[in-house]
Amino acid sequence: MNEGDPQLGAGTGLAARLDRTNELLQRMLVEVAKTPSTHAIFVDAGYVYAAAGLLVTGTEDRRSFDLDAEGLIDAFIDKARTIFADSRLLRVYWYDGARRRIHTAEQQAIAELPDVKVRLGNLNANNQQKGVDSLIRTDLESLARHRAISDAALVGGDEDLVSAVEAAQGYGARVHLWGIEAAEGRNQAEPLLWEVDSQRTFDLDFCRPYVTRRPVTTYEDDTPAPSREDVRFVGAQVAAAWLAARGRDSLADLLPGRPYLPGSTDQDLLVEAERLLQCSLRGHAHLRRALRDGFWQHLQAQY
(Lines give C-alpha, C1' and ligand atoms only; values in the text may rest on other atoms or scores of the structure.)
Protein backbone atom coordinates (compact mmCIF):
# COMPACT_ATOMS: atom_id res chain seq x y z
CA MET A 1 0.00 0.00 0.00
CA ASN A 2 1.62 3.28 -1.08
CA GLU A 3 1.48 6.76 0.44
CA GLY A 4 -1.30 7.79 -1.90
CA ASP A 5 -3.57 4.98 -0.73
CA PRO A 6 -6.88 6.54 0.39
CA GLN A 7 -7.36 3.83 3.05
CA LEU A 8 -4.08 4.86 4.70
CA GLY A 9 -5.16 8.50 4.71
CA ALA A 10 -8.53 7.62 6.25
CA GLY A 11 -6.81 5.57 8.99
CA THR A 12 -4.47 8.42 9.82
CA GLY A 13 -7.39 10.86 10.04
CA LEU A 14 -9.32 8.52 12.32
CA ALA A 15 -6.32 8.13 14.62
CA ALA A 16 -5.95 11.90 14.83
CA ARG A 17 -9.60 12.33 15.73
CA LEU A 18 -9.31 9.66 18.44
CA ASP A 19 -6.25 11.40 19.86
CA ARG A 20 -8.13 14.69 19.89
CA THR A 21 -11.14 13.09 21.60
CA ASN A 22 -8.92 11.52 24.26
CA GLU A 23 -7.25 14.87 24.85
CA LEU A 24 -10.62 16.58 25.35
CA LEU A 25 -11.76 13.83 27.72
CA GLN A 26 -8.59 14.20 29.76
CA ARG A 27 -9.15 17.95 30.03
CA MET A 28 -12.74 17.42 31.10
CA LEU A 29 -11.71 14.94 33.80
CA VAL A 30 -9.14 17.40 35.11
CA GLU A 31 -11.79 20.15 35.31
CA VAL A 32 -14.26 17.83 37.03
CA ALA A 33 -11.58 16.91 39.59
CA LYS A 34 -11.06 20.62 40.33
CA THR A 35 -14.78 21.30 40.84
CA PRO A 36 -15.65 21.25 44.58
CA SER A 37 -18.45 18.97 45.69
CA THR A 38 -21.65 20.66 46.84
CA HIS A 39 -24.38 19.37 49.13
CA ALA A 40 -27.82 20.57 50.15
CA ILE A 41 -30.15 19.61 53.00
CA PHE A 42 -33.84 19.01 52.30
CA VAL A 43 -36.03 19.03 55.42
CA ASP A 44 -39.65 17.91 55.51
CA ALA A 45 -40.73 20.06 58.47
CA GLY A 46 -43.93 18.09 58.98
CA TYR A 47 -41.91 14.92 59.52
CA VAL A 48 -39.46 16.69 61.84
CA TYR A 49 -42.18 18.21 64.01
CA ALA A 50 -44.07 14.92 64.28
CA ALA A 51 -41.07 12.66 64.86
CA ALA A 52 -39.11 14.96 67.19
CA GLY A 53 -42.23 15.96 69.12
CA LEU A 54 -43.25 12.35 69.65
CA LEU A 55 -39.74 11.30 70.65
CA VAL A 56 -39.11 14.11 73.14
CA THR A 57 -42.56 15.03 74.47
CA GLY A 58 -44.70 12.02 73.56
CA THR A 59 -47.00 13.90 71.17
CA GLU A 60 -47.05 14.91 67.50
CA ASP A 61 -49.35 17.89 68.16
CA ARG A 62 -47.42 21.07 67.29
CA ARG A 63 -49.56 23.04 69.72
CA SER A 64 -48.13 21.03 72.62
CA PHE A 65 -44.45 21.89 72.18
CA ASP A 66 -42.00 24.43 70.74
CA LEU A 67 -39.39 23.45 68.18
CA ASP A 68 -36.23 25.52 68.02
CA ALA A 69 -36.02 25.32 64.22
CA GLU A 70 -33.03 27.64 64.01
CA GLY A 71 -31.02 25.58 66.45
CA LEU A 72 -31.99 22.34 64.74
CA ILE A 73 -31.08 23.69 61.30
CA ASP A 74 -27.68 24.74 62.62
CA ALA A 75 -27.23 21.24 64.06
CA PHE A 76 -28.08 19.70 60.67
CA ILE A 77 -25.59 22.03 58.95
CA ASP A 78 -22.93 21.15 61.48
CA LYS A 79 -23.55 17.43 61.00
CA ALA A 80 -23.42 17.79 57.20
CA ARG A 81 -20.13 19.67 57.48
CA THR A 82 -18.70 16.66 59.30
CA ILE A 83 -20.12 14.04 56.94
CA PHE A 84 -19.37 15.90 53.69
CA ALA A 85 -15.99 17.17 54.82
CA ASP A 86 -14.72 18.12 51.36
CA SER A 87 -18.00 19.65 50.20
CA ARG A 88 -19.58 23.08 50.50
CA LEU A 89 -23.17 23.77 51.53
CA LEU A 90 -25.46 25.12 48.83
CA ARG A 91 -28.36 25.80 51.20
CA VAL A 92 -30.98 24.23 53.46
CA TYR A 93 -34.47 23.77 52.02
CA TRP A 94 -37.21 23.81 54.66
CA TYR A 95 -40.55 22.43 53.43
CA ASP A 96 -43.66 23.15 55.46
CA GLY A 97 -47.38 23.78 55.04
CA ALA A 98 -49.37 26.98 55.53
CA ARG A 99 -52.90 28.04 54.80
CA ARG A 100 -53.07 29.61 51.35
CA ARG A 101 -49.25 29.31 51.40
CA ILE A 102 -48.96 32.44 53.54
CA HIS A 103 -45.96 32.35 55.88
CA THR A 104 -46.63 32.21 59.60
CA ALA A 105 -44.47 34.36 61.90
CA GLU A 106 -42.36 31.29 62.71
CA GLN A 107 -41.88 30.44 59.04
CA GLN A 108 -40.91 34.03 58.29
CA ALA A 109 -38.23 33.85 60.98
CA ILE A 110 -36.88 30.63 59.47
CA ALA A 111 -36.90 32.15 55.97
CA GLU A 112 -34.72 35.01 57.23
CA LEU A 113 -31.96 32.64 58.36
CA PRO A 114 -28.78 32.61 56.24
CA ASP A 115 -28.53 29.81 53.68
CA VAL A 116 -32.12 28.69 54.29
CA LYS A 117 -34.91 28.58 51.71
CA VAL A 118 -38.48 28.03 52.90
CA ARG A 119 -40.86 26.26 50.51
CA LEU A 120 -44.53 26.14 51.41
CA GLY A 121 -47.21 23.66 50.47
CA ASN A 122 -50.81 24.00 51.51
CA LEU A 123 -52.64 22.93 54.66
CA ASN A 124 -56.03 21.27 54.31
CA ALA A 125 -58.93 21.46 56.77
CA ASN A 126 -57.31 18.72 58.88
CA ASN A 127 -53.98 20.59 59.07
CA GLN A 128 -52.35 18.05 56.74
CA GLN A 129 -49.62 19.16 54.36
CA LYS A 130 -50.43 19.05 50.66
CA GLY A 131 -47.96 19.53 47.83
CA VAL A 132 -44.79 19.32 49.94
CA ASP A 133 -43.55 16.05 48.40
CA SER A 134 -43.86 17.48 44.89
CA LEU A 135 -41.87 20.56 45.94
CA ILE A 136 -39.09 18.36 47.28
CA ARG A 137 -39.03 16.31 44.09
CA THR A 138 -38.91 19.44 41.90
CA ASP A 139 -35.97 20.91 43.80
CA LEU A 140 -34.05 17.66 44.11
CA GLU A 141 -34.46 16.81 40.44
CA SER A 142 -33.64 20.32 39.21
CA LEU A 143 -30.50 20.70 41.30
CA ALA A 144 -29.24 17.24 40.36
CA ARG A 145 -30.00 17.79 36.66
CA HIS A 146 -28.00 21.03 36.62
CA ARG A 147 -25.14 19.44 38.59
CA ALA A 148 -25.68 22.02 41.34
CA ILE A 149 -25.30 19.34 44.01
CA SER A 150 -23.40 16.09 44.31
CA ASP A 151 -25.00 14.98 47.59
CA ALA A 152 -28.45 15.55 49.09
CA ALA A 153 -29.30 14.99 52.75
CA LEU A 154 -33.03 14.31 52.89
CA VAL A 155 -34.77 14.58 56.27
CA GLY A 156 -38.12 12.86 55.89
CA GLY A 157 -39.93 9.56 55.89
CA ASP A 158 -42.84 9.60 53.44
CA GLU A 159 -42.97 6.87 50.79
CA ASP A 160 -44.00 9.52 48.25
CA LEU A 161 -40.40 10.82 48.42
CA VAL A 162 -39.16 7.69 46.62
CA SER A 163 -39.78 9.30 43.23
CA ALA A 164 -37.78 12.37 44.30
CA VAL A 165 -34.86 10.15 45.30
CA GLU A 166 -35.01 8.24 42.01
CA ALA A 167 -35.12 11.46 40.00
CA ALA A 168 -32.03 12.90 41.71
CA GLN A 169 -30.11 9.65 41.47
CA GLY A 170 -30.93 9.45 37.78
CA TYR A 171 -28.80 12.57 37.27
CA GLY A 172 -25.88 11.24 39.32
CA ALA A 173 -26.55 12.77 42.73
CA ARG A 174 -26.23 10.67 45.88
CA VAL A 175 -29.16 10.89 48.29
CA HIS A 176 -28.65 10.31 52.02
CA LEU A 177 -31.72 9.76 54.18
CA TRP A 178 -31.69 11.33 57.63
CA GLY A 179 -34.31 10.40 60.16
CA ILE A 180 -35.30 10.89 63.78
CA GLU A 181 -35.38 7.94 66.12
CA ALA A 182 -38.84 6.44 66.45
CA ALA A 183 -40.27 5.93 69.91
CA GLU A 184 -41.65 2.61 68.65
CA GLY A 185 -41.24 0.81 65.34
CA ARG A 186 -40.30 2.95 62.33
CA ASN A 187 -41.29 6.41 61.18
CA GLN A 188 -39.79 6.13 57.68
CA ALA A 189 -41.24 4.07 54.82
CA GLU A 190 -39.29 0.92 53.93
CA PRO A 191 -39.32 1.62 50.15
CA LEU A 192 -37.64 4.95 50.91
CA LEU A 193 -35.02 3.24 53.07
CA TRP A 194 -34.30 0.77 50.26
CA GLU A 195 -33.86 3.45 47.62
CA VAL A 196 -31.39 5.87 49.23
CA ASP A 197 -27.60 5.66 49.17
CA SER A 198 -27.11 5.87 52.95
CA GLN A 199 -29.12 6.26 56.16
CA ARG A 200 -28.56 8.12 59.41
CA THR A 201 -30.79 8.40 62.50
CA PHE A 202 -30.71 11.16 65.12
CA ASP A 203 -31.45 9.99 68.65
CA LEU A 204 -33.16 11.48 71.69
CA ASP A 205 -30.00 13.19 72.96
CA PHE A 206 -29.60 14.97 69.62
CA CYS A 207 -33.22 16.15 69.47
CA ARG A 208 -33.92 17.00 73.12
CA PRO A 209 -32.24 20.46 73.16
CA TYR A 210 -34.50 21.68 70.35
CA VAL A 211 -37.91 20.54 71.60
CA THR A 212 -39.61 22.06 74.63
CA ARG A 213 -43.03 21.05 75.93
CA ARG A 214 -45.42 23.94 76.39
CA PRO A 215 -47.14 24.30 79.77
CA VAL A 216 -50.68 22.97 79.92
CA THR A 217 -51.99 26.30 81.14
CA THR A 218 -51.04 29.65 79.69
CA TYR A 219 -48.42 31.32 81.82
CA GLU A 220 -48.83 35.04 82.19
CA ASP A 221 -46.01 37.12 83.57
CA ASP A 222 -45.74 40.87 83.71
CA THR A 223 -41.96 40.63 83.49
CA PRO A 224 -40.99 41.80 80.00
CA ALA A 225 -38.87 39.61 77.78
CA PRO A 226 -35.21 40.66 77.55
CA SER A 227 -34.34 43.07 74.78
CA ARG A 228 -32.12 42.15 71.86
CA GLU A 229 -29.41 44.38 73.31
CA ASP A 230 -29.59 42.59 76.67
CA VAL A 231 -29.32 39.23 74.97
CA ARG A 232 -26.49 40.41 72.71
CA PHE A 233 -24.59 41.63 75.79
CA VAL A 234 -25.02 38.26 77.47
CA GLY A 235 -23.75 36.57 74.30
CA ALA A 236 -20.58 38.67 74.58
CA GLN A 237 -20.25 37.72 78.26
CA VAL A 238 -20.45 34.02 77.42
CA ALA A 239 -17.93 34.51 74.59
CA ALA A 240 -15.46 36.13 77.00
CA ALA A 241 -15.76 33.20 79.40
CA TRP A 242 -15.49 30.74 76.51
CA LEU A 243 -12.32 32.41 75.22
CA ALA A 244 -10.74 32.53 78.68
CA ALA A 245 -11.40 28.83 79.20
CA ARG A 246 -10.29 27.58 75.77
CA GLY A 247 -7.70 30.05 74.53
CA ARG A 248 -7.04 31.73 71.18
CA ASP A 249 -6.19 28.49 69.38
CA SER A 250 -9.77 27.32 69.80
CA LEU A 251 -10.97 30.65 68.43
CA ALA A 252 -8.96 30.15 65.23
CA ASP A 253 -10.71 26.82 64.72
CA LEU A 254 -14.14 28.35 65.30
CA LEU A 255 -13.96 31.41 63.02
CA PRO A 256 -14.04 29.63 59.61
CA GLY A 257 -17.54 28.34 60.37
CA ARG A 258 -19.06 31.78 61.00
CA PRO A 259 -22.01 32.53 61.21
CA TYR A 260 -22.64 28.95 62.35
CA LEU A 261 -21.54 27.42 65.63
CA PRO A 262 -20.92 23.71 66.17
CA GLY A 263 -23.97 22.10 67.73
CA SER A 264 -22.31 21.47 71.11
CA THR A 265 -20.97 25.04 71.35
CA ASP A 266 -24.32 26.51 70.34
CA GLN A 267 -26.12 24.45 72.97
CA ASP A 268 -23.62 25.47 75.68
CA LEU A 269 -24.13 29.11 74.68
CA LEU A 270 -27.90 28.80 74.95
CA VAL A 271 -27.86 27.06 78.34
CA GLU A 272 -25.43 29.54 79.89
CA ALA A 273 -27.31 32.55 78.45
CA GLU A 274 -30.61 31.28 79.84
CA ARG A 275 -28.96 30.85 83.24
CA LEU A 276 -27.66 34.43 83.20
CA LEU A 277 -30.92 35.90 81.89
CA GLN A 278 -33.12 33.73 84.12
CA CYS A 279 -35.50 33.08 81.22
CA SER A 280 -35.89 30.72 78.27
CA LEU A 281 -34.88 31.74 74.77
CA ARG A 282 -36.29 28.60 73.14
CA GLY A 283 -38.77 29.36 70.44
CA HIS A 284 -37.53 32.99 70.18
CA ALA A 285 -35.53 32.91 66.95
CA HIS A 286 -34.79 36.67 66.93
CA LEU A 287 -33.31 36.51 70.44
CA ARG A 288 -31.27 33.41 69.56
CA ARG A 289 -29.81 35.34 66.62
CA ALA A 290 -29.01 38.30 68.88
CA LEU A 291 -27.29 35.91 71.30
CA ARG A 292 -25.07 34.51 68.54
CA ASP A 293 -24.40 38.00 67.20
CA GLY A 294 -23.09 39.08 70.61
CA PHE A 295 -21.00 35.93 70.91
CA TRP A 296 -19.40 36.39 67.49
CA GLN A 297 -18.97 40.15 67.87
CA HIS A 298 -16.89 39.69 71.00
CA LEU A 299 -14.77 36.90 69.52
CA GLN A 300 -14.03 38.84 66.35
CA ALA A 301 -13.01 41.89 68.38
CA GLN A 302 -10.43 39.73 70.16
CA TYR A 303 -9.00 38.09 67.03
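The values are calculated or read from the model by the stated rules, or taken from the named source; none is laboratory data. These figures come from a predicted structure and were not determined experimentally. Cβ sites come from the backbone with ideal geometry, for glycine too, and all protein chains shown count toward neighbours. Keep in mind that these areas ignore ligands, DNA and RNA; they rest on the heavy atoms of the full protein, side chains included. Shrake-Rupley method; radii C 1.70, N 1.55, O 1.52, S 1.80 Å.
Is it true that Ala183 is of a type in the set (Gly, Ala, Ser) and surrounded by 19 or more Cβ atoms within 10 Å (Cβ to Cβ)?
For Ala183, the condition - of a type in the set (Gly, Ala, Ser) and surrounded by 19 or more Cβ atoms within 10 Å (Cβ to Cβ) - is not met.
Residue-wise test of (1) among the charged types (D, E, K, R); (2) open to solvent by 20 Å² or more (accessible area, probe 1.4 Å); (3) in the same structural domain as Tyr260 (by the TED database); (4) at pLDDT below 90.
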| site | (1), (2), (3), (4) |
| --- | --- |
| Asn126 | no, yes, no, yes |
| Leu140 | no, no, no, no |
| His146 | no, yes, no, no |
| Gly156 | no, no, no, no |
| Ser163 | no, yes, no, no |
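Might you check whether a residue that is in contact with a helix residue (DSSP H, G or I) (Cβ under 7 Å, 6 or more places away or on another chain), assigned to a strand (DSSP E or B), open to solvent by 40 Å² or more (accessible area, probe 1.4 Å) and among the basic types (Lys, Arg) occurs anywhere in segment 90-99?
No: zero hits.
Could you say which residue among Leu120, Leu135 is in contact with a Gly (Cβ under 7 Å, 6 or more places away or on another chain) and in a helix (DSSP H, G or I)?
Only one candidate qualifies: Leu135.
With respect to the numbered conditions (1) open to solvent by 30 Å² or more (accessible area, probe 1.4 Å); (2) within 26 Å of Phe206 (Cα to Cα); (3) at pLDDT 75 or above, which one is the sole condition not fulfilled by Ala240?
Among (1) open to solvent by 30 Å² or more (accessible area, probe 1.4 Å); (2) within 26 Å of Phe206 (Cα to Cα); (3) at pLDDT 75 or above, Ala240 violates only (2).
Restrict the check to segment 274-291 and report whether at least one residue is modelled with pLDDT of 90 or more and assigned to a loop (DSSP other than H, G, I, E, B).
No, segment 274-291 contains no residue that is modelled with pLDDT of 90 or more and assigned to a loop (DSSP other than H, G, I, E, B).
Among the numbered conditions (1) open to solvent by less than 20 Å² (accessible area, probe 1.4 Å); (2) in contact with a helix residue (DSSP H, G or I) (Cβ under 7 Å, 6 or more places away or on another chain), tell me where Ser64 comes up short.
Going through the list (1) open to solvent by less than 20 Å² (accessible area, probe 1.4 Å); (2) in contact with a helix residue (DSSP H, G or I) (Cβ under 7 Å, 6 or more places away or on another chain), Ser64 breaks only (1).
Failed condition for Leu54, given (1) within 16 Å of Phe202 (Cβ to Cβ); (2) open to solvent by less than 50 Å² (accessible area, probe 1.4 Å), with all others met?
(2)
Which numbered condition in (1) under 14 Å from the mean Cα position of the chain (by Cα); (2) assigned to a helix (DSSP H, G or I); (3) over 18 Å from Gln107 (Cα atoms) is the only one that Ile73 fails?
(3)
From Ser37, Ser87, grab the single residue that is modelled with pLDDT of 90 or more, more than 25 Å from Asp133 (Cα to Cα), surrounded by 16 or more Cβ atoms within 10 Å (Cβ to Cβ) and small (Gly, Ala, Ser).
Ser87
Conditions first: (1) open to solvent by 50 Å² or more (accessible area, probe 1.4 Å); (2) part of a strand (DSSP E or B). Gln108 passes all but one, so which condition is the exception?
Going through (1) open to solvent by 50 Å² or more (accessible area, probe 1.4 Å); (2) part of a strand (DSSP E or B) one by one, Gln108 breaks only (2).
Using beta carbons and a limit of 6 Å, which pairs, at least six apart or on different chains, have the first residue in segment 206-230 and more than 23 Å from Leu54 (Cα to Cα) and in a loop (DSSP other than H, G, I, E, B) and the second one open to solvent by 80 Å² or more (accessible area, probe 1.4 Å) and modelled with pLDDT under 75?
Close Cβ pairs (under 6 Å, with a partner that is open to solvent by 80 Å² or more (accessible area, probe 1.4 Å) and modelled with pLDDT under 75) do not exist here.
Can you find a residue in segment 182-193 that is under 30 Å from Phe295 (Cα atoms), of a type in the set (Lys, Arg) and out of contact with any Cys (no Cβ under 6 Å at 6 or more places or on another chain)?
no
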